[in-house]
Structures are given as C-alpha cells and as structure tokens.
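The values are calculated or read from the model by the stated rules, or taken from the named source; none is laboratory data. Quantities reported herein were computed from a predicted structural model and do not represent experimental measurements. Here the Cβ positions follow ideal geometry from the backbone for every residue, glycine too, while neighbour counts run over all protein chains shown. The accessibility values were calculated without ligands, DNA or RNA, using every heavy atom of the protein model including side chains. Shrake-Rupley method; radii C 1.70, N 1.55, O 1.52, S 1.80 Å.
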Amino acid sequence: MYLGHVVEMGTTEQVFQPPYHPYTEALLSAVPIADTSAIQKKHIVLEGDIPSAMNPPSGCPFQTRCGWKAEVPGGLCDIEVPIVRQLPGGHQIKCHLADDILARMDPVIKMAAE
Ligand code: SF4
C-alpha cells in the first residue's frame, strides 16, 4: 500500500516471484535477511521523500520515486492514476508498465543457487 493505494495484491509466491509493482520491489529489497549465504537480494534505494497523502502527486502516487517510470511512454505516469490490472491467477497491480516490461522483471529475493 502506498499513499492509500493498494498497489499490488496476490499470493506470497506471486508477489515474490517476481513482484510486479516497483514499490513492492523496493519494499522486498528492504527486508532484513539474517543469513545471506543462501539468499541473493537486490538492493534498491528509493530516491526522494514520501509525498504527503493529503497532497499526493498527480498521476501515479509512486511516480515521484519510481525507478521504472521511464519505461512508460508518453509521460502517462505523471498524468494518470493507473487502474487495477488483473494478471493471471488473481494477481493484481496498479501500474502502467506494459506486459513485456513486467515479463523482464526479476525476483528481488532468491536462493543463491537459482
Ligand atoms: S505507474 Fe509508472 S510511476 Fe507508477 S509504479 Fe508504475 S511505472 Fe512507476
């Protein structure tokens, strides 16, 4: 959830393999892992501060901090709040990224041997 918007919903497996919303991706990268010998984790640092929920940015509420925004053509993230998209298996995201971009996303956390 980001600024009052549910940005991704799904089973644990769906959200981990991989997360499809850039905010979920950043959240998972912040999960502390005690034993890193068996786990690989991407390190994602969000730029900027969390905007006020009382005065949210235009368009996608995450657009001021999103590292994937440039992948969406036409500045759509700046002007239009994404709708909830239904993905296979009941997985849902609220993001403008096209299906071919989603297909390129990698899990944030995975077993080191994978
Ligand atoms: S809609 Fe755009 S800014 Fe929002 S999360 Fe998706 S890519 Fe990022």
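Tabulated data
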quantity	calculated
Size of electric dipole in the chain: Cβ of Lys, Arg +1 and of Asp, Glu -1, about Cα centre, debye, nearest 20	80 debye
Accessible surface, per residue, of region 8-111 when the full set of protein chains is kept, probe 1.4 Å, Å²	59 Å²
The chain, accessible surface, carbon-and-sulfur percent (1.4 angstrom probe)	58 percent
Solvent-accessible area of residue 111 with every protein chain in place, 1.4 Å probe, in Å² to the nearest 10	100 Å²
Candidate aspartates and glutamates for bridging to residue 41, where Cα separation is under 15 Å - those fewer than 8 sequence places away on the same chain excluded	25, 106, 114
Residue 52-residue 85 FRET efficiency (beta carbon distance; Förster radius 30 Å; 0.05 resolution)	0.70
